[in-house]
Amino acid sequence: MRTLLENIGEMITLQPLTSEQRGHSIKEEDLGRIHNAWLFCDNSTVAALGPMPVPADIRKFAGQVVDAKGALVLPGLVDAHTHTIFGGTRFDEFAQRLNGASYQEIAAKGGGIQASVKGTRQASDEELMKSAKRRLTRFLRRGVTTVEIKTGYGLAFKQELRLLKLIQVIRKNVRMEIVPTLLALHAVPADAKSAEAYVEEITKRLLPLVIENKLARYVDAFIESGYFSVEQAEPFIRAAEKGGLGVRVHADEFSNSGGAAAAAKWKAASADHLQHASKEGIQAMALSGTVAILLPGTSLYTGIPFTDARPFLEAKCAVAIASDFNPGSSFCENLAQLASLGALHCHLTSWQAIAAVTYVPALSLGLGDRKGALEIGFDADFAVYRMASLEEWLATMGQRLPSEVWLKGEKLHSY
Ligand SMILES: [Zn+2]
């Protein structure tokens, strides 16, 4: 179907970033803001766009014409850090935190990741897929069209493999773009002999299967004291790189554990959290092109500090914001809300904030040639909001759902 959207009040394209696939040094001009715009989609991709009026030769090719009636159009949001597949709930932990317990105290009592591991292992395949799909629908309703999903609540060879296979089935059943990441190194399993023994098993038994069957595009590891050290994770990361997988890292959330520097050394696509990243680590990340992914939802939820984006921006490091959607420390599929809060608390400008939830995370997921921006040849993923401007979108803190969400040129939801 060839679709023409006309009378768009304001459209943010982020076009200027796409030709050089740039995620850093973002300026206001990089918004590619068009007032009174039109957008022409040829089946699943953007074929042309510009300011009104619509040229006659474009209009004559349109199979359907949609009057946007002055609405705001933004590229589909891209969430580059989620833990969307898990069993069980941890709502009791929220209440415990209100009573003063810290994330670490809850984890020490068998809560936290280990609680979700238990819930996930006990859940059937059907339960896991059903709940993950429900969550994906909630993401989509909030304008998110690309979602990275990590494993990490299996924490055993068979269980991690099962999660990857379930994600593969989900990928085939939804039109949203799903990027699978093997986060087998999420925590040291309570039943493991040692961290080293577990890493060895995952590296030697699981990784070859994952590579051979293309079950993941990325691997991830939680580098933190009490989780995995850089040295413990290194054999896994190196083997994954050798097999053609990209690298993401949970880095420097609770302490400076050398995660940012290691991510740069491993030429990781992203290092995430980063509250305690060192100056040297930040500079190394900028040089290696590693995207800094900030997760303000976790700070809101657990009361840990927000990551200050400014040292990263000054170092010319690309900065993204993701939800870190997970059952215990950020139960929030509302990436738009986190863009507003992230802008406020992590110190981003409006243009850095919208790029941080669209084009920059797309780049970090290796999708910088077709996602996260409205540009010719890109997938026609976008959301329509009954708002006047990007500024209104940011200031209303993700409370207003888009009136329409379009995925690959097809309208999936209208409300
Ligand atoms: Zn995470």
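Take the conditions over 20 Å from residue 84 (Cβ atoms) and out of contact with any Gly (no Cβ under 7 Å at 6 or more places or on another chain) and apply them to residue 202. Does it pass? Yes. Please go through segment 357-370 and pick out each residue that is assigned to a loop (DSSP other than H, G, I, E, B) and either of a type in the set (Gly, Ala, Ser) or surrounded by 24 or more Cβ atoms within 10 Å (Cβ to Cβ) (or both). Passing the criteria: 357, 358, 365, 366, 368. Check whether at least one residue in segment 76-89 is among the charged types (D, E, K, R) and at pLDDT 95 or above, and report yes or no. There is at least one residue in segment 76-89 that is among the charged types (D, E, K, R) and at pLDDT 95 or above. Where helices (runs of 4 or more DSSP H) fall wholly inside segment 276-331, the ranges with 2 or more residues that are within 16 Å of the ligand (Cβ to nearest atom) and touching a helix residue (DSSP H, G or I) at 6+ places or on another chain (Cβ under 9 Å) are 296-302. Quick one: would you say residue 362 is out of contact with any helix residue (DSSP H, G or I) (no Cβ under 7 Å at 6 or more places or on another chain), at pLDDT 95 or above and within 30 Å of residue 120 (Cβ to Cβ)? Yes: the conditions hold for residue 362. All told, residue 27 meets the bar of being surrounded by fewer than 20 Cβ atoms within 10 Å (Cβ to Cβ) and either closer than 18 Å to residue 372 by Cβ or small (Gly, Ala, Ser) (or both). The number of residues in segment 260-292 being surrounded by 24 or more Cβ atoms within 10 Å (Cβ to Cβ) and of a type in the set (D, E, K, R) comes to 1. Looking at residue 305, is it surrounded by fewer than 24 Cβ atoms within 10 Å (Cβ to Cβ) and not acidic (Asp, Glu)? For residue 305, the condition - surrounded by fewer than 24 Cβ atoms within 10 Å (Cβ to Cβ) and not acidic (Asp, Glu) - is met. Scanning segment 343-356 turns up at least one residue that is part of a helix (DSSP H, G or I) and under 12 Å from the mean Cα position of the chain (by Cα).
Would you check if there is a residue in segment 182-195 being of a type outside the set (D, E, K, R), closer than 13 Å to residue 262 by Cβ and surrounded by 21 or more Cβ atoms within 10 Å (Cβ to Cβ)? Scanning segment 182-195, I find at least one residue that is of a type outside the set (D, E, K, R), closer than 13 Å to residue 262 by Cβ and surrounded by 21 or more Cβ atoms within 10 Å (Cβ to Cβ), so the answer is yes.
Among the candidates 299, 257, the residue that is touching a Pro at 6+ places or on another chain (Cβ under 8 Å) and crowded, with 17+ Cβ neighbours inside 10 Å is uniquely 299. Residue 394 falls short on exactly one of the conditions (1) part of a loop (DSSP other than H, G, I, E, B); (2) surrounded by fewer than 24 Cβ atoms within 10 Å (Cβ to Cβ); (3) outside the structural domain of residue 284 (by TED's automatic domain parsing), and that condition is (1). Each residue in segment 206-231 was checked for being more than 23 Å from residue 162 (Cα to Cα) and surrounded by fewer than 19 Cβ atoms within 10 Å (Cβ to Cβ), and 4 of them qualify.
The values are calculated or read from the model by the stated rules, or taken from the named source; none is laboratory data. As the structure is a computational prediction, the values presented were derived from the model and not from experiment. Virtual Cβ from ideal backbone geometry, glycine too; neighbours counted across all protein chains shown.
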